[in-house]
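A short write-up of the structure that comes next.
The values are calculated or read from the model by the stated rules, or taken from the named source; none is laboratory data. Here the structure is a predicted model, which is why all the values come from computation and not from measurement. Reconstructed Cβ throughout: ideal geometry from the backbone, glycine too, with neighbour counts over all protein chains shown.
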Amino acid sequence: MGKASDKKGGAGNGFSFIKMLPLLVIALAIVAFFVLELDEYLTFRMLSENRDYLIGFVSGNFPLAALLYMGLYIVVVAFSLPGGLLMTVTGGFLFGWVAAGLMTVFAATIGATLLFLIAATSLGEPLRKKAGPKLKKLEDGFSENALNYLLFLRLVPVFPFWLVNIAPAFLGVKLSTYVIGTFVGIIPGTFVFAYLGGGLDSIIREQQAIYQACLEGGHSNCALDFQISSLLTKEILFSFIALGVIALLPVVIKKFRNSSK
């Protein structure tokens with residue numbers, strides 16, 4: 001009788017191994033990614049060393065290269081792996097900023113949606129059942145203007161991409177709202193960095209020259225490296241923040257009107 005009631009209680013909480021399995025797979029994949037040092041393949045150094053091969057492969061196999069790029073991008077986003085920014089810039093370098101921007105927006109939206117569905121199914125529903133009225137109040141406040149809030153989170157690149165992918169799943173955001181907000185919200189940043197990728201070749205050549213000069217100078221601390229994040233200038237960041245503020249204006253206006261009644 002006690003065992004039966006325990007099983008029933010566990011089911012009532014909404015947590016189950018089957019529901020948690022996708023999250024466990026993601027967690028194991030992240031651990032394996034770093035243990036196997038696969039993160040070394042998503043670095044500026046690796047891109048620089050394989051520049052000629054990548055250009056040749058894309059030139060001779062554009063459709064296949066595009067599919068591989070989108071597939072890898074979906075995996076990176078869905079498994080919350082690092083390297084999304086580097087991939088976006090690299091895509092602009094290899095495919096051209098327009099093609100790379102379009103491919104990246106669709107791939108990132110698909111990957112983010114997969115992660116959202118996993119989080120909503122594995123943890124979202126059970127947590128909402130256990131949290132009670134406190135989360136319900138927060139959920140109601142967020143869902144009332146979910147699209148505007150989501151656009152703000154997507155437009156302003158100060159929050160980790162993976163966090164913005166899963167947070168709405170815990171707040172009961174509708175799938176359609178999430179997809180629209182994600183797709184539209186990532187367009188500006190994606191195309192900006194894809195466009196910046198068009199000038200990546202000059203950066204690669206410059207860094208290679210600096211590295212070679214360092215070696216020829218007999219230095220032992222030479223490193224072929226460039227922080228892609230340095231492309232995010234203050235001007236670009238302020239532009240994204242401005243777009244985010246615009247996305248929140250309808251929410252502010254609505255609250256102002258309600259308070260003045």
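Numbers for the structure displayed
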item	result
Selected residue (criterion: surrounded by the fewest Cβ atoms within 10 Å (Cβ to Cβ)) from residues of the stretch 226-244 that are hydrophobic (A, V, I, L, M, F, W, C) and touching a residue at least 60 places away in the same chain (Cβ under 8 Å)	LEU237
The lone exception for PHE159 - which of (1) closer than 30 Å to ARG51 by Cβ; (2) among the aromatic types (Phe, Trp, Tyr); (3) surrounded by fewer than 20 Cβ atoms within 10 Å (Cβ to Cβ) it fails	(1)
Residue match in the stretch 44-53 (condition: of a type outside the set (A, V, I, L, M, F, W, C), buried (at least 16 other Cβ atoms within 10 Å of the Cβ) and either in contact with a Gly (Cβ under 9 Å, 6 or more places away or on another chain) or without any contact (Cβ under 8 Å) to a residue 60 or more places away in the chain (or both))	no
Selection status of GLY101, touching a helix residue (DSSP H, G or I) at 6+ places or on another chain (Cβ under 9 Å), surrounded by fewer than 17 Cβ atoms within 10 Å (Cβ to Cβ) and in contact (Cβ under 8 Å) with a residue 60 or more places away in the chain	no
Close pairs (6 angstrom Cβ cut-off, 6 or more residues apart or separate chains): free of Cβ contacts under 8 Å to residues at least 60 places away in the same chain in the stretch 207-225, part of a helix (DSSP H, G or I) anywhere	CYS222/TYR211; CYS222/CYS214; CYS222/LEU215
Residue match in the stretch 96-110 (condition: at pLDDT 85 or above, over 24 Å from MET20 (Cβ atoms) and in a loop (DSSP other than H, G, I, E, B))	yes
The stretch 216-256, residues that are modelled with pLDDT under 75, under 25 Å from PHE93 (Cβ atoms) and assigned to a helix (DSSP H, G or I)	ILE228, SER229, SER230, LEU231
